1. So if I check each of 277, 261, 300, 272, which one is at pLDDT below 95 and part of a helix (DSSP H, G or I)?
2. From the list 236, 214, 199, which residue is crowded, with 17+ Cβ neighbours inside 10 Å, part of a helix (DSSP H, G or I), of a type in the set (Gly, Ala, Ser) and touching a Lys or Arg at 6+ places or on another chain (Cβ under 7 Å)?
3. Taking region 272-310 as the search range and keeping residues that are under 19 Å from residue 322 (Cβ atoms) and among the hydroxyl-bearing types (Ser, Thr, Tyr), which one is farthest from the chain's Cα centre (by Cα)?
4. Of the conditions (1) farther than 30 Å from residue 282 by Cβ; (2) in a loop (DSSP other than H, G, I, E, B); (3) among the hydroxyl-bearing types (Ser, Thr, Tyr), residue 190 fails just one. Which one is it?
5. Can you work out which of the residues in region 288-298 that are in contact with a helix residue (DSSP H, G or I) (Cβ under 7 Å, 6 or more places away or on another chain) and free of Cβ contacts under 8 Å to residues at least 60 places away in the same chain is nearest to residue 263 (Cα to Cα)?
6. Kindly check whether there is at least one residue in region 115-124 that is of a type in the set (A, V, I, L, M, F, W, C), within 30 Å of residue 43 (Cβ to Cβ) and touching a helix residue (DSSP H, G or I) at 6+ places or on another chain (Cβ under 8 Å).
7. Which one is farthest from residue 334 (Cα to Cα) among residues in region 188-243 that are of a type in the set (D, E, K, R) and out of contact with any His (no Cβ under 6 Å at 6 or more places or on another chain)?
8. Kindly provide the set of residues from region 299-342 that are over 16 Å from residue 168 (Cα atoms) and either among the polar types (S, T, N, Q) or not assigned by TED's automatic domain parsing to the domain that holds residue 225 (or both), ordered by number.
Amino acid sequence: MKEHFMPKPIVTYWLYLGIAMVLGMVVIGGITRLTHSGLSMTHWSFSGSLPPTTDVAWSEEFAKYQQSPEYKELHNHFGVEEFKSIYWWEYIHRMFGRLIGLVFIFPFIFFLFKKWIPKFLLKHFFIILGLGAFQAFLGWFMVKSGLVDVPRVSHFRLAAHLSTAFIACSYIFWVTLRYKNYNREELSVSPERKFALAATGLVFLQIVYGAFVAGLRAGWIHNTWPLMDGVIIAPAAVALDPFIDNFLNGRSGVQFVHRTLGMVVVAFSAWLFYKSLNWTNRIKRSVQVASVAVFAQFTLGVLTLLLEVPIALGVAHQVFALIVLLAHVAFIYNANYRLTAN
């Protein structure tokens, strides 16, 4: 049974700040990936946070990069100045990740000391911290895969890194809704919850395949829509043996799954939009917001493909995927709980 507790607005604002910072991190991560900056820092250190500040220091950092597969295969024409242009994005990416950790840990300790977090939700706050730590580990694990033999990170590790960030942000949003409505929410599972879970599952699978497309650079091929270079499925999408590899490791096959699954998500969202017209107002609004987000994301995806992944559209497409997921988290919440007058 819940203890009597009055939520503090400052804790709610802190949680919303965390969501905003993760969204910002997704933006920075997208730019880092699309500018091919993610492998510019060849070492990982938890101590020290200052970048090179002298010509000698930059030369030493560049010398380390020159030993990497990326420099040898792709950027061997780079000088120090070109190196700086990619180094800064990865540096900002890593430092912003550390900043997110600090913004979560120190206020959390303060709120814990002040007893502004109810025992009922305390474990969820620790899960958030755990997800943040795991996300940092996956970042290191992902980058490591591109520093050994080939200048590319594993698309599976990229998908794990991105998916964990999206899960963490979604979990923060869920905890935010639980916290701010602590005295108003009542468990009231509606029949519509099964649709919310199904829609969210489809969206998440689509996000995973979006990460596969990004990791394999599959967005730079078959830049036509709705057909793949004039056919429903390009021959290259089914050319690998074993067959399953086409849809896990093949650029054409992975893109086929992503673009096809996108149409499935849109069709399901359109059906839910129509069906929700007879549902309660709170759930209906959730479905409408989620559906509009899905349609906007689908449009962004098609434009990103047709225009061969310009950085601005590629980043927007990645960020909006998280917004779509958050909209579906709200759908699940409203299908699980009803709010009473306070």
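The values are calculated or read from the model by the stated rules, or taken from the named source; none is laboratory data. Since this is a predicted model, take the numbers as computed values, not measurements. Ideal geometry is used to build each Cβ from the backbone, glycine not excepted, and the neighbour counts take in all protein chains shown.
1. Numbers: 261 fails: at pLDDT below 95; 300 fails: at pLDDT below 95; 272 fails: at pLDDT below 95.
On inspection, the qualifying residue turns out to be 277.
2. Details: 236 fails: touching a Lys or Arg at 6+ places or on another chain (Cβ under 7 Å); 199 fails: touching a Lys or Arg at 6+ places or on another chain (Cβ under 7 Å).
Exactly one residue qualifies, and that residue is 214.
3. Filtering region 272-310 for residues that are under 19 Å from residue 322 (Cβ atoms) and among the hydroxyl-bearing types (Ser, Thr, Tyr), the one farthest from the chain's Cα centre (by Cα) comes out as 286.
4. Tallying (1) farther than 30 Å from residue 282 by Cβ; (2) in a loop (DSSP other than H, G, I, E, B); (3) among the hydroxyl-bearing types (Ser, Thr, Tyr), residue 190 fails exactly one: (1).
5. Quick first cut of region 288-298, residues in contact with a helix residue (DSSP H, G or I) (Cβ under 7 Å, 6 or more places away or on another chain) only: 288-291, 293-298.
Of the ones still in play, those that are also free of Cβ contacts under 8 Å to residues at least 60 places away in the same chain are 288-289, 291, 293, 295-298.
On the way: 288: 18, 289: 18, 291: 13, 293: 14, 295: 10, 296: 13, 297: 11, 298: 8 Å.
Here the residue is 298.
6. Looking only at region 115-124, we keep the residues that are of a type in the set (A, V, I, L, M, F, W, C), and these are 116-117, 120-122.
Then keep just the ones that are within 30 Å of residue 43 (Cβ to Cβ); that gives none.
There is no residue in region 115-124 that is of a type in the set (A, V, I, L, M, F, W, C), within 30 Å of residue 43 (Cβ to Cβ) and touching a helix residue (DSSP H, G or I) at 6+ places or on another chain (Cβ under 8 Å).
7. First pass over region 188-243, keeping only residues of a type in the set (D, E, K, R): 192-194, 217, 229, 241.
Subset that is out of contact with any His (no Cβ under 6 Å at 6 or more places or on another chain): 192-194, 217, 241.
Working: 192: 9, 193: 8, 194: 12, 217: 37, 241: 45 Å.
Selected residue: 241.
8. Of everything in region 299-342, those that are over 16 Å from residue 168 (Cα atoms) and either among the polar types (S, T, N, Q) or not assigned by TED's automatic domain parsing to the domain that holds residue 225 (or both) turn out to be 299, 304, 334, 336, 340, 342.
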